[in-house]
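Let me begin by presenting the structure, written as structure tokens, before commenting on it.
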């Protein structure tokens, strides 16, 4: 496929999917009903959720310093913070472009080689993936009987078993092919997997690994608390159980990768997750939109200000380089 067409599709398809999902969610709940939920929402809980989200992003920016220090770079916290906020904002335009921009910002303002900065971001994502998997394991442990019963009720157990066996078999064939093949794609996959493994183990080799672990746990605790306290703003939801909160949080986390910043997909993911617990459709979708809108507003403000202030903050350094 033509590289220009491929690049365009990567931008256009998520946007089209997002537009479709927005339409679909509004077909479930009317716009007037959604506006009513926004009007009746308790904004003190929404504001607290935004504060918790802000704390998680600041912690992420500080955690990044621990990964850059062993590479010989003492990066200013201000640049790290603004690079993180810029990442989230840019990801609303082109999926995953924010990570590239984040590494580029450090290259421009802190002289961190792009490949090294990007490598730390990959390693950081591995730590985040481990935390998400841990939350999934905790959710499954706390509500195994309930989740298992739901799956058995909705799906044929034999079909589930066949699907897992088939996926396992395909994965085995895929890894055997990659291991033996010398094709360009196979080589790239091997290099990528090798980099992921090296990045994961580099976390345990850093001097400040325990502060890194603390901030990693803190970031994800803030994420979960952010979701929980924001759910309290929708009166019709009542008090959600821990299982409902964690299940919806996990679903929402995965939905963000589907479209630009989770537009359209996030509210539907929250609705789908909460429906497992027999929670009403309208307030579930409303919560998804309130959560998405409040966090998006924070990202737009902080990310926009970061992109504007970055060259001002680094003007002396830029003048020296010239």
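The values are calculated or read from the model by the stated rules, or taken from the named source; none is laboratory data. Quick caveat, the model's predicted, so the values are computed rather than measured. Here the Cβ is made from the backbone with ideal geometry for all residues, glycine too, and neighbour counts use every protein chain on show.
Name the residues in region 11-56 that are surrounded by fewer than 16 Cβ atoms within 10 Å (Cβ to Cβ) and modelled with pLDDT under 70, would you?
11, 12, 13, 16, 19, 20, 23, 24, 27
Return a yes/no flag: does region 93-102 have any residue that is buried (at least 20 other Cβ atoms within 10 Å of the Cβ), part of a helix (DSSP H, G or I), at pLDDT 85 or above and in contact with a helix residue (DSSP H, G or I) (Cβ under 7 Å, 6 or more places away or on another chain).
Looking through region 93-102, at least one residue is buried (at least 20 other Cβ atoms within 10 Å of the Cβ), part of a helix (DSSP H, G or I), at pLDDT 85 or above and in contact with a helix residue (DSSP H, G or I) (Cβ under 7 Å, 6 or more places away or on another chain).
Of 280, 258, 248, 272, which residue is surrounded by 19 or more Cβ atoms within 10 Å (Cβ to Cβ) and farther than 17 Å from residue 63 by Cβ?
Among 280, 258, 248, 272, only 248 is surrounded by 19 or more Cβ atoms within 10 Å (Cβ to Cβ) and farther than 17 Å from residue 63 by Cβ.
Give region 231-243 a look and list any residue that's in contact with a helix residue (DSSP H, G or I) (Cβ under 8 Å, 6 or more places away or on another chain) and either surrounded by fewer than 23 Cβ atoms within 10 Å (Cβ to Cβ) or modelled with pLDDT under 85 (or both), or say none.
If the condition is that a residue be in contact with a helix residue (DSSP H, G or I) (Cβ under 8 Å, 6 or more places away or on another chain) and either surrounded by fewer than 23 Cβ atoms within 10 Å (Cβ to Cβ) or modelled with pLDDT under 85 (or both), then 232, 235, 236, 237, 240, 242, 243 are the ones that fit.
Residue check: is residue 167 surrounded by fewer than 19 Cβ atoms within 10 Å (Cβ to Cβ), over 19 Å from residue 132 (Cα atoms) and either at pLDDT 85 or above or out of contact with any strand residue (DSSP E or B) (no Cβ under 8 Å at 6 or more places or on another chain) (or both)?
yes
Across region 219-242, what is the number of residues that are within 20 Å of the chain's Cα centre (by Cα) and over 13 Å from residue 53 (Cβ atoms)?
1
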